[in-house]
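A.B. asks: Questions regarding the structure given below will be posed in turn.
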Amino acid sequence: MVAPPHRPARPPMRPYHRPVPPPSWRPAHHGPSFAGILGLTFGTAIGLSLDYLTGNGYAVDGYDQNIVYLRNVNQFDLLWPDATLYYGPNGLTGSQFIYSTSAYDPYRYNLIYRRLVNLYGAPVSTFRPSGGFGATWFGPSSAYIQLEFKPMVANSGVTRFYTTLQFGN
């Protein structure tokens, strides 16, 4: 177990939870369908993931029995200062990419939202967290993508604005 270093702009870690599709939702052929993230297949054990990530040049910031923290990861052709991979009894279950700004700036959210709509169509659900907004796409085989923009208090105690991109299966 290696704790990640203190990062003042990082939000406090929250437990991982996958979003639940609305009761009336049925998979569509154009929804997200993927078997993994960052070259890792969902279900991969944490030890194998760490070997793969370090062997492929990813900056592993720390890890414990069910979380791997990464720094400066590319996703959707954008750099994400913080990324987290989540593990359960059956291996890799989800991932989260985090970008923050000190001022209200939904540019990254809007850019990724447009990319996701172009790839998968309209989101299955939208939501309005306090002071922000979000959208979720669901696909076959339990795949989902959730995008969110909202203010949160960072580890430094200061409010920052976070764009969070979450993939899971």
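The values are calculated or read from the model by the stated rules, or taken from the named source; none is laboratory data. All values reported here derive from a predicted model rather than from experimental measurement. Note: ideal-geometry Cβ built from the backbone for every residue, glycine included; neighbour counts use all protein chains shown. Just the protein is used for accessible areas: all its heavy atoms, side chains included, with ligands, DNA and RNA removed. Shrake-Rupley method; radii C 1.70, N 1.55, O 1.52, S 1.80 Å.
A.B. asks: Quick one: which of 49, 24, 33, 95 is in contact with a Phe, Trp or Tyr (Cβ under 6 Å, 6 or more places away or on another chain) and of a type in the set (S, T, N, Q)?
C.D. replies: Testing whether each residue is in contact with a Phe, Trp or Tyr (Cβ under 6 Å, 6 or more places away or on another chain) and of a type in the set (S, T, N, Q) leaves just 95.
A.B. asks: Here's a check for you: in region 131-147, which residue that is under 13 Å from the mean Cα position of the chain (by Cα) and polar (S, T, N, Q) is farthest from residue 36 (Cα to Cα)?
C.D. replies: Checked region 131-147; the qualifying residue farthest from residue 36 (Cα to Cα) is 136.
A.B. asks: OK, next. Please go through region 139-169 and give me each residue that is in contact with a Lys or Arg (Cβ under 8 Å, 6 or more places away or on another chain), assigned to a loop (DSSP other than H, G, I, E, B) and open to solvent by 10 Å² or more (accessible area, probe 1.4 Å), ordered by number.
C.D. replies: Matches in region 139-169: 155 only.
A.B. asks: Can you tell me which condition residue 65 does not meet? The list is (1) more than 18 Å from residue 167 (Cβ to Cβ); (2) open to solvent by less than 80 Å² (accessible area, probe 1.4 Å), and all the others hold.
C.D. replies: Exception for residue 65: condition (2).
A.B. asks: Please verify whether region 85-93 includes one or more residues that are in contact with a strand residue (DSSP E or B) (Cβ under 8 Å, 6 or more places away or on another chain) and either closer than 17 Å to residue 152 by Cα or not in a strand (DSSP E or B) (or both).
C.D. replies: Within region 85-93, none of the residues are in contact with a strand residue (DSSP E or B) (Cβ under 8 Å, 6 or more places away or on another chain) and either closer than 17 Å to residue 152 by Cα or not in a strand (DSSP E or B) (or both).
A.B. asks: Sort out which residues of region 68-110 are open to solvent by 10 Å² or more (accessible area, probe 1.4 Å), without any contact (Cβ under 8 Å) to a residue 40 or more places away in the chain and under 16 Å from residue 165 (Cα atoms), and write them in order of number.
C.D. replies: Correct list: 71, 72, 74, 77, 78, 79, 107, 110.
A.B. asks: Regarding region 65-80, can at least one residue be identified that is modelled with pLDDT of 85 or more, outside any loop (DSSP other than H, G, I, E, B) and under 23 Å from residue 131 (Cα atoms)?
C.D. replies: Yes: one or more hits.
A.B. asks: In addition: Could you tell me which residue of region 1-60 is surrounded by the most Cβ atoms within 10 Å (Cβ to Cβ), considering only residues that are aliphatic (A, V, I, L, M), modelled with pLDDT of 85 or more and in a loop (DSSP other than H, G, I, E, B)?
C.D. replies: Top of the filtered list is 38.
A.B. asks: Next question. Would you check if there is a residue in region 123-138 being open to solvent by 40 Å² or more (accessible area, probe 1.4 Å), part of a helix (DSSP H, G or I) and not polar (S, T, N, Q)?
C.D. replies: Checking region 123-138: not a single residue is open to solvent by 40 Å² or more (accessible area, probe 1.4 Å), part of a helix (DSSP H, G or I) and not polar (S, T, N, Q).
A.B. asks: Is it fair to say residue 110 is in a strand (DSSP E or B) and over 20 Å from residue 14 (Cα atoms)?
C.D. replies: Here the answer is no, as residue 110 does not meet what is asked.
A.B. asks: Scan 47, 55, 131 and give me the residue that is in contact with a Lys or Arg (Cβ under 6 Å, 6 or more places away or on another chain) and either free of Cβ contacts under 8 Å to residues at least 24 places away in the same chain or of a type in the set (Val, Ile, Thr) (or both).
C.D. replies: Testing whether each residue is in contact with a Lys or Arg (Cβ under 6 Å, 6 or more places away or on another chain) and either free of Cβ contacts under 8 Å to residues at least 24 places away in the same chain or of a type in the set (Val, Ile, Thr) (or both) leaves just 131.
A.B. asks: Here's something else I'd like to know. If the Cβ limit is 7 Å and pairs must be 6+ apart or interchain, which residue in region 8-19 that is of a type in the set (Lys, Arg) pairs with which residue that is not in a loop (DSSP other than H, G, I, E, B)?
C.D. replies: Listed by first residue and then by second, the contacts come to 10/82; 18/94; 18/144; 18/168.
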